[in-house]
1. May I ask you to evaluate 6.51 cos²θ - 1.76 cosθ + 1.60, the Karplus curve with θ = phi - 60°, for each residue of the range B:452-465 and list the ³J(HN,Hα) values in order in whole Hz, giving x for glycine and proline?
2. Return the long-range amide H neighbours of A:A76 (sequence gap of 5 or more, or a different chain), with a cut-off of under 5 Å between placed amide H atoms.
3. Any chance you could give the angle, 0 to 90 degrees and rounded to 10, that helix A:134-143 forms with the longest Cα principal axis of chain A?
4. Using only the Cα atoms of chain B, what are the Rg and Dmax in Å?
5. Determine ³J(HN,Hα), in whole Hz, for all residues of the range B:149-166 in sequence, where each value follows from phi through the Karplus function 6.51 cos²θ - 1.76 cosθ + 1.60 and θ = phi - 60°; x replaces Gly and Pro.
6. What is the helix-to-structure angle for B:371-385, meaning the angle in degrees between its Cα long axis and the longest Cα principal axis of chain B, kept from 0 to 90 and rounded to the nearest 10?
7. Give the residue from A:V30, A:V51, A:S67 lying farthest towards the positive end of the charge dipole for the range A:1-128; charges sit on Cβ (+1 for Lys and Arg, -1 for Asp and Glu) and the dipole is referred to the Cα centre.
8. Between B:A437, B:N188, B:F203, whose Cα lies farthest towards the positive end of the dipole of the range B:5-479 when Lys and Arg beta carbons carry +1 and Asp and Glu beta carbons carry -1, centred on the Cα centre?
Amino acid sequence: MTYSFPILSFIVFTPLLGMIVVMLLNRERVTAIRWMSAVFAFITMIFTLIVLKDYDSSTASMQFMESFNWIPSINASYLLGVDGISVPMLLLTSLLSLVAIVISFNITNRVKEYFAFFLLLECGMLGVFVALDFFLFYVFWEVMLVPMYFLIGIWGGPRREYAAIKFFLYTLFGSIFMLVAILVMYFTSDPHTLSMIELIKTAPTFSRGVQIFAFAFFFIAFAIKVPVWPFHTWLPDAHVEAPTAISIILAGVLLKMGTYGMLRVSWAMLPQGLHYFAVPIAILGLIGIIYGALVSMAQKDLKKLVAYSSVSHMGYCMVALAAYGSVTAIAGCMFQLVSHGLITGAMFLLVGVLYDRAHTREIAAFGGLANKLPVFTGIFTLFGMASLGLPGMSGFISEFMVFVGSFKAYPIIVGLAVLGVVLTAAYILRMIQKIFLGEFDIAKWGGLTEINLREILCVSPLAILTIFIGVYPKPLADLMRATLENLVVLMAR
Amino acid sequence: MVNLTPLLPELFLFCWALVVLASDLFSKRRSASLPGYLSLAGLVITGFLLIPAHDAYLWGGMFVSDPFAVFFKIIFLGAAFMAIGSSFGLAGRMTHHRGEYFTLILFSTVGMMFLASAKELITLYVGLELTTIPLYVLAAYTKSSRASTEAGLKYMIIGAVSSAVLLYGLSIIYGLTGTTFLQQITINLSIYWLSYGELGPAFSIALMAILAGLAFKLALVPFHMWAPDVYEGSPTPVTAFLSVGSKAAGLAAIVRIFVGAFIAFATPVMAPRDWGSTLAVLAAITMIVGNIVAIRQTNIKRMLAYSSIAQAGYIMVGVVAASNLGVSAISFYVFSYMFANMGAFAIVAIIAERTGSEQIADLAGFSKSSPVLAGLMAIFILSLAGIPPLAGFLAKYYVFAAAVQAGYTWLVVLALLTSVIAYYYYANVIRMMYLSADPNPHHIVPSFPAGLVLALAGIGVILFGLMPEPILKLAIAAASSFVF
């Protein structure tokens with residue numbers, strides 16, 4: 001389908017335009033910079049909503065395609081398009097970016113640079129989800145790392161420099177494997193091509209050895225981003241040290257890129273490799289679920305607890321992806337991506353709200369906050385329940401679909417994975433209990449103020465969507481169905 | 001009478017260098033910038049003279065002006081332009097020999113241009129010497145500085161020894177083939193191989209001697225010991241010119257000899273000691289050592305010196321590929337490297353001019369005191385590191401693509417792993433400028449010519465990352481000068 005208007009380019013480059021505008025503003029005009037960034041993020045979100053409105057969910061083919069022969073000498077083209085797995089990611093990214101920008105209004109240090117870097121980051125993230133050419137995909141994939149390095153390194157917590165460089169090097173280390181795999185795919189394909197659409201058609205005919213090699217290399221790159229245990233060690237540092245808005249983006253969007261990359265690239269293109277590695281991937285996913293949950297339980301720092309819960313939650317995605325024969329499992333994975341983005345994004349947001357007021361995140365330091373902060377407690381508990389998979393919220397839908405879909409392929413692994421749900425419930429409930437219930441120390445926390453209107457405005461769309469998907473998941477499922485059914489066929493080749 | 005048209009750019013630049021020298025003499029050495037601006041103008045004019053000189057040759061193919069030569073000449077002229085542009089501060093402080101400074105850079109550039117065009121061993125050797133002898137003087141130009149004098153002396157001794165080694169190798173080739181013309185050498189060697197079935201140890205020794213001689217010029221590990229000291233001691237613009245111009249010249253010579261004449265011996269099929277795998281090992285060690293040692297450096301010139309050693313390793317990955325793609329990739333690589341490296345050194349020169357410090361630690365807070373310069377420095381550094389969408393990324397991608405195509409996937413994996421190390425020390429510069437909370441007292445505004453250099457380099461790094469197609473076309477044309 002062709003669309004009269006290059007809307008995907010507008011989605012990707014509106015934030016970049018915003019960055020240029022912000023950079024042209026005087027650095028003293030802090031309010032103008034903040035609002036300008038928010039306006040550009042808002043326009044971007046409107047564009048993604050237009051894409052959602054005009055997206056034809058009855059077909060699996062790429063839509064809103066844009067093609068331009070960018071660098072003919074190396075066969076790299078500017079090829080954009082979306083299907084049922086990228087549209088939800090685009091919406092999630094543009095929404096969370098807007099939320100993160102508005103929640104960052106309280107940044108006072110080097111405001112201009114902050115928002116400029118943030119908008120560049122948004123450009124890179126959106127680009128990853130719409131690029132259909134490997135070269136372009138890789139460019140966007142790397143472009144976000146630089147602003148991310150600055151955002152963690154300048155505005156982060158006490159150990160920010162360490163966290164920033166660790167994140168930077170770890171992710172770049174992953175990318176190099178992707179680059180090698182891309183080159184191998186390029187030179188194996190005949191005629192040589194970097195177009196993902198072409199490679200989805202032709203790559204399954206590659207020899208088994210090439211497929212396994214390329215799959216393994218792609219897997220390392222994407223697994224670091226997900227992160228799959230044991231590639232997760234950058235995550236706690238980066239998530240904890242990053243400023244609130246960046247934690248939201250890290251958990252809500254960057255982690256999704258790994259899974260998105262798997263579905264878009266290695267799962268769809270290299271079925272032989274997938275079949276070869278499926279069981280180990282499921283086992284890694286299971287280890288991630290259990291390990292993440294156990295480590296979360298042991299955390300004293302609230303933000304670290306949420307960070308490790310991501311490791312656990314992304315484990316469900318890996319188990320689902322390993323069960324590549326089931327549409328339900330893959331759909332469960334996609335639901336988990338969206339739902340985890342909303343829930344964990346909101347959790348980081350709320351942790352940031354609390355930290356701004358209390359200047360500590362130590363769980364043991366709190367107690368009985370429900371007396372003083374009823375609204376905050378309510379919202380936090382809502383997301384806590386969503387995170388542990390309470391029915392009626394999106395987390396339940398996704399986990400349920402993951403279990404149902406992958407049970408046939410991996411009964412034992414799924415049986416053990418369900419244990420993760422219990423562990424999640426344990427650490428979430430314990431945390432809520434320790435922070436919000438019990439004795440209230442009025443001398444220490446009497447001065448805490450309630451969550452303000454701006455913060456409520458930021459968190460409410462996330463809350464509404466979490467509940468909406470939990471109660472009525474059909475629209476999201478319909479949006480993805482055709483693509484996922486096609487994908488399962490592709491993976492079975 | 002021989003038609004000298006193909007030689008016009010070189011002749012012009014040579015005469016212009018004399019004009020620059022005379023201008024300084026007749027202006028009674030009053031104006032610091034007159035010879036500088038004259039040199040810049042001369043380089044631009046020479047660039048225009050290059051346009052019509054395509055696919056012409058002189059003296060029976062001794063001197064050719066093929067697309068490869070023209071492409072590298074553009075790089076030499078660009079490097080000289082940027083080196084001279086960032087030299088105005090240095091020249092302003094000189095009391096003596098101001099005109100000679102610019103003239104020597106121009107002479108060296110003429111040598112490089114000859115070298116790129118040489119398809120005959122003697123011409124090639126003379127071109128190489130014309131390139132390096134002015135550089136010995138330039139390295140020692142700040143006579144009052146011990147480090148600079150040491151740099152000059154060290155560079156001269158090592159340069160002389162490596163030239164001798166190179167010459168030894170070339171003489172054996174002459175002994176084996178009876179000719180100094182590269183084209184004829186290829187033919188005679190093939191005949192020799194067909195008659196005897198092998199080329200014997202003499203050829204292996206020649207190959208290794210030539211490789212070692214040129215590896216000294218390019219500062220490949222383990223022939224690199226001179227580079228850090230020379231780079232640190234020389235005046236910064238000269239260091240920049242050394243690390244780009246002289247490196248590109250050495251590379252042109254390697255490509256002319258190995259890819260141009262010895263292409264048949266790149267793989268073990270015809271040679272007992274093929275140069276492909278030897279060079280692959282050299283490239284691998286160069287990347288590993290260059291990058292690892294760079295981490296420890298606290299002086300930014302020394303850091304950039306080791307980084308440029310590592311960069312030479314990446315370039316060699318493209319030479320190892322010994323293919324059409326490989327030659328176009330290294331051509332593009334050097335082109336993009338020119339902008340990033342000259343830009344980075346220009347900023348180092350500007351900062352050192354003002355603060356007198358070349359320490360990385362003294363860059364702390366630079367992003368607040370001079371945001372534009374810091375931003376440019378970050379862009380140059382990121383391009384050197386190979387972060388998209390800057391030109392340095394495409395260059396790396398292209399070189400690695402060539403190596404994967406040639407079956408050197410292991411070398412590419414290794415190169416990429418070492419580039420992760422490189423990210424660390426490159427990021428360290430950015431960390432200092434941006435992440436450090438210390439205030440920096442210096443608000444630095446570059447002079448006009450230095451600003452011009454920075455603008456040129458900045459535009460080059462960004463533009464040829466986003467729209468590389470025109471340059472890639474030229475690079476592909478450059479590769480077509482060789483037969484594969």
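The values are calculated or read from the model by the stated rules, or taken from the named source; none is laboratory data. Since we're looking at a predicted model, the values are computed, not measured. Heads up, the Cβs are rebuilt from the backbone with ideal geometry, glycines too, and the neighbour counts pull from every protein chain shown. Each accessible area value is taken on the protein alone, full model and side chains, heavy atoms only, with ligands, DNA and RNA left out. Shrake-Rupley method; radii C 1.70, N 1.55, O 1.52, S 1.80 Å.
1. With the stated coefficients, the range B:452-465 comes to 4, 4, 5, 4, 4, 5, x, 4, x, 5, 7, 4, 7, x Hz.
2. A:I71
3. So the helix axis and the longest Cα principal axis differ by about 20 degrees.
4. Expressed in Å, the Cα Rg and Dmax of chain B come to 21.4, 73.
5. Per residue, the Karplus-derived 3J(HN,Hα) values read 4, 4, 4, x, 5, 4, 4, 5, 5, 5, x, 5, 4, 5, 4, 4, 4, 4 Hz.
6. Computed tilt is about 20 degrees.
7. Comparing the listed Cα positions along the dipole, A:V30 ranks first.
8. B:A437
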